[in-house]
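The values are calculated or read from the model by the stated rules, or taken from the named source; none is laboratory data. Everything numeric here is computed off the predicted structure, so don't read it as measured data. No Cβ is skipped: glycine too gets one built from the backbone with ideal geometry, and neighbour counts run over all protein chains shown.
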Amino acid sequence: MKVLVSDSLSNEGLEILKEHFTVDVNTGLSEDELVEKIGAYDALVIRSGTQVTQRVIEAADNLKIVGRAGVGVDNVDVDAATKKGIIVANAPEGNMISAAEHTIGMMMSMSRNIPQANASLKSREWKRSKFMGVEVKGKTLGVIGLGRIGSEVAKRASGLEMNLMGYDPFISEKRAMELGVKLATVNEIAKEADYITVHTPLIKETRNILDDEQFDLMKPGVRVLNCARGGIINEAALVRALESGKVGGAALDVFVEEPPFGSPLLNFDNVIVTPHLGASTQEAQVNVAIDIAKEVVSVLTGGLAKNA
Ligand code: NAD
Ligand code: MLT
């Protein structure tokens, strides 16, 4: 059987696949190139770079599984795949610690102006008063989405002695209590929190979950974070709230359009950004590569996918 790996994948995952199948690594393919090649393959392994569109699925006459080395399957037309009987599996656990640590790193960097101060000193400036920061201890963090990553963020923020509020329609009071999170509505979080971080999937219900209405309710100087998916926070509303001074800082790892080169968000000194690095650690990439390789082996040898 043949496996196409169309985004970069750690060697640990490739080795597992190669023990069982013929593996072609071919990254950076255009949609047309993928459409032309995909018919020859039984499995396709991707990260976020490859767009598995309806056209790709239609041409995928031998495909049994699309394996996503990571969480989000928003780059796969899951409906088209499901209609064709192609399994879409992801690797949701391997990068959750990395994504949570990145979120905490962004929160601390934003609070202490570390990226701005670093850039300033490297341009041979010594401006200590310009980069006065704030402590997070005793501040309230609102966590929207208390799944794998949101929960890990909550645990770490609890260690930083922050007060925790959270919104997740699918989490029990018991689980929230275990995490030390006071459950609340999105608007209550908007009113009370000093920091708000989003950790939901990007779906109809979560798109623009923080919008003009919520920014209007927020405390002046509130800091917001998005290390989940671009579009969960309405970017245009965030720009308006930054311009009005309502938002004191934003930390963004993800954008509606990536790379976000045309985005006005890049023009604000109090917005810190990273290029979708949440899962970019050695550990996470090895974990997700191994997890997805095992899924592909299981499905192509007649077994089940754990995370389909
Ligand atoms: P998860 O499925 O474990 O958790 C998501 C949570 O969102 C669930 O608890 C779910 O109940 C909750 N949710 C669903 N609908 C909601 C709604 N309307 N309002 C509030 N909460 C809602 O997912 P996860 O692994 O924690 O991932 C969270 C997000 O982080 C995803 O968007 C994922 O793609 C993204 N992610 C980004 C990076 C990165 O590199 N920046 C890395 C990993 C994951
Ligand atoms: C994910 O969904 O797993 C993350 O966004 C990281 C990635 O795209 O690899």
What's the total number of residues in region 88-100 that are over 10 Å from the mean Cα position of the chain (by Cα) and crowded, with 19+ Cβ neighbours inside 10 Å? 7
Considering region 185-211 alone, what residues qualify as being under 12 Å from Ile233 (Cβ atoms), more than 13 Å from ligand 1 (Cβ to nearest atom) and of a type in the set (A, V, I, L, M, F, W, C)? Ala190
In region 36-61, which residue that is assigned to a loop (DSSP other than H, G, I, E, B) and touching a residue at least 40 places away in the same chain (Cβ under 8 Å) is nearest to Lys2 (Cα to Cα)? Asp42
Region 15-31: number of residues that are surrounded by 17 or more Cβ atoms within 10 Å (Cβ to Cβ) and either within 13 Å of Ile292 (Cα to Cα) or among the charged types (D, E, K, R) (or both): 2
Looking at (1) buried (at least 19 other Cβ atoms within 10 Å of the Cβ); (2) of a type in the set (A, V, I, L, M, F, W, C); (3) more than 15 Å from ligand 2 (Cβ to nearest atom), find the lone condition where Val45 falls short. (3)
Out of Gln214, Gln285, I need the residue that is surrounded by 21 or more Cβ atoms within 10 Å (Cβ to Cβ), within 13 Å of ligand 1 (Cβ to nearest atom) and closer than 30 Å to Asn62 by Cα. Which one? Gln285
Taking the condition of being crowded, with 17+ Cβ neighbours inside 10 Å, without any contact (Cβ under 8 Å) to a residue 60 or more places away in the chain and touching a strand residue (DSSP E or B) at 6+ places or on another chain (Cβ under 8 Å), how many residues in region 125-151 meet it? 8
Subset of region 61-76 [within 16 Å of ligand 2 (Cβ to nearest atom) and either surrounded by fewer than 22 Cβ atoms within 10 Å (Cβ to Cβ) or at pLDDT below 95 (or both)]: Val71, Gly72, Val73, Asp74, Asn75
Looking at the structure I just gave you, is Val35 farther than 30 Å from Thr197 by Cα and either of a type in the set (Ser, Thr, Tyr) or surrounded by fewer than 23 Cβ atoms within 10 Å (Cβ to Cβ) (or both)? yes
Elements of type strands (runs of 3 or more DSSP E) contained in region 146-229, each with 1 or more residues being within 16 Å of ligand 2 (Cβ to nearest atom) and either in contact with a Phe, Trp or Tyr (Cβ under 8 Å, 6 or more places away or on another chain) or among the acidic types (Asp, Glu) (or both): 222-226
Residues being outside any loop (DSSP other than H, G, I, E, B), in contact with a helix residue (DSSP H, G or I) (Cβ under 6 Å, 6 or more places away or on another chain) and within 12 Å of ligand 2 (Cβ to nearest atom): count how many of those fall in region 250-308. 2
Pull out all pairs, ordered by first then second residue, where Cβ-Cβ is under 6 Å, the residues are six or more apart or on different chains, the first lies in region 63-78 and is part of a loop (DSSP other than H, G, I, E, B), and the second is of a type in the set (S, T, N, Q) and more than 10 Å from ligand 1 (Cβ to nearest atom). Asn75/Gln51; Asp77/Thr53; Asp77/Gln54
Selection within region 84-124 - in contact (Cβ under 8 Å) with a residue 24 or more places away in the chain, over 30 Å from Glu135 (Cα atoms) and away from ligand 1 (no atom under 16 Å from the Cβ): Lys84, Ile86, Ile87
Can you tell me which residues in region 165-211 are surrounded by fewer than 22 Cβ atoms within 10 Å (Cβ to Cβ), more than 21 Å from the chain's Cα centre (by Cα) and under 25 Å from Gly248 (Cα atoms)? Lys182, Leu183, Ala184, Thr185, Asn187, Glu188, Lys191, Glu192, Asp194
